[in-house]
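Chemist: Here it is, the structure in full.
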Amino acid sequence: MDKTKKIVVMSGKGGVGKTTVAGAIALILSTEEKKTVGALDVDIHGPNLPVILGLRGARMIAQKQGDKEEIYPVELKPNLKLASMGFLLPAEEAPVIWRGPLKAQMIKSFIHDIKWGELDYLVADLPPGTGDEALSIVQELGGVDIAVIVTTPQEVSLVDARKAIMFAKKMDIPRVGIVENMSGLICPHCKKEIEIFKSGGGRKTAEQMRVAFLGSVPFDPSIVHAGDEGKHIVLEEKEKPAVEALYRVVDRIKEVMG
């Protein structure tokens, strides 16, 4: 993966739409940019990326090659592949009751043992916080290009986002950016913006912490419903303000990475 650009999508707390943003980045890069993308779901206890990408119930394939067993990620299409703990569980509701060392070993296997092939981008969806999984993925990748921190405009979310930013800086990730998700609601009738969780906190935090502001994404209930159903709304309904905002986020990520 020496030539692969590595994007880690993080959040300080759960419920901010991190997995939705990670899935959108992978879909847009693989479809609109025609790049080969690996999506890596590192949220071992809550592996939801298969749901967001419409791969619920899929399984990763293992094939014998001589004395070795090779594992292949699930292909959504030829240039978008996904590895997730969700593909390995006996049932969707089965919990993963593991301590740190087992999780670290699984993350190492996801990166080094799975046959990803040549990738232009690897998009890793991390669990909330700055614990074992975040530390393991950054160390095992051996050079992350950018950390994308997803937050909502609420102060409780921004406080935790600052912790994620400090984590990224301490791990020497060269580029860090903030996405402010659920930044207002576009009224479907009058088209005016309603501030349900306030707005502007993400940009202000980016300025204070001296990191890139990657954009604001308004709240759109249809994106929530599409994610639950595994529909790729970012490819099918590009005229929606929230979808347009996600495309601008991806453009900004590419710009910041250089």
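Chemist: Under a 10 Å cutoff between Cα atoms, tell me which one of P73, P101, P128 has the largest fluctuation in the Gaussian network model of the chain.
Modeler: With Cα springs under 10 Å in the chain, the top fluctuation among P73, P101, P128 is at P101.
Chemist: Using only Cα atoms, tell me the angle between helix 100-112 and the longest principal axis of the chain; keep it within 0 to 90° and round to the nearest 10.
Modeler: For helix 100-112, the angle is close to 80 degrees.
Chemist: Let me have the relative contact order for the range 3-153, percent, based on Cα pairs under 8 Å that are six or more residues apart.
Modeler: It rounds to 44 percent for the range 3-153.
Chemist: Quick one: helix 18-31 against the long Cα principal axis of the chain, what's the angle to the nearest 10°, folded into 0 to 90?
Modeler: 70
Chemist: Which value, in Å², gives the accessible area per residue of the chain when a 1.4 Å probe is used on the protein heavy atoms?
Modeler: Roughly 48 Å² per residue, with all protein chains present.
Chemist: Averaging over all projection directions, find the projected area of the Cα convex hull of the chain and quote it in nm² with one decimal place.
Modeler: Average projection, Cα convex hull of the chain: 13.7 nm².
Chemist: Shifting gears a bit: In whole percent, how big is the carbon plus sulfur part of the accessible area of the chain, probe 1.4 Å, protein atoms only?
Modeler: Looking at the chain in its full context, I get 50 percent from C and S.
Chemist: Right, here's the next one. If I build a Gaussian network model for the chain, linking alpha-carbon pairs within less than 10 angstrom, which residue out of N79, N181, N48 has the largest mean-square fluctuation?
Modeler: Of N79, N181, N48, the most mobile in the Gaussian network model is N79.
Chemist: Report for the chain the percent antiparallel among DSSP-assigned beta bridges with both residues inside it, nearest 5.
Modeler: The antiparallel fraction comes to roughly 25 percent.
Chemist: About its Cα centre, what dipole magnitude does the chain give when the only charges are +1 on Lys and Arg Cβ and -1 on Asp and Glu Cβ, stated in debye to the nearest 20?
Modeler: It comes to approximately 520 debye.
Chemist: To test your reading of the geometry: what angle, between 0 and 90 degrees and rounded to tens, separates the Cα axis of helix 155-170 from the longest principal axis of the chain?
Modeler: 50
Chemist: In Å, what Kirkwood hydrodynamic radius results for the range 117-246 from the alpha-carbon pair distances?
Modeler: Value: 16.0 Å, from the Cα pair sum.
Chemist: Kindly flag which residue pairs out of K115/K254; K204/K231; K103/K198; K3/K204; K18/K192 have an alpha-carbon separation exceeding 29 Å in this structure.
Modeler: Violating the 29 Å limit, Cα to Cα: K204/K231; K103/K198; K3/K204.
Chemist: Once you order the gyration tensor axes a ≥ b ≥ c over the Cα atoms, which shape class does the range 15-99 get: rounded for a/c under 1.5, otherwise prolate or oblate by comparing a/b with b/c?
Modeler: oblate
Chemist: For the chain, set up a GNM with springs between Cα atoms under 10 Å and report which of R175, R210, R162 has the largest fluctuation.
Modeler: R210
The values are calculated or read from the model by the stated rules, or taken from the named source; none is laboratory data. Model, not experiment: these values are computed from the prediction. Positions of Cβ are backbone-derived with ideal geometry, glycine not excepted, and every protein chain shown enters the neighbour counts. With ligands, DNA and RNA removed, areas are computed over all heavy atoms of the protein, side chains included. Shrake-Rupley method; radii C 1.70, N 1.55, O 1.52, S 1.80 Å.
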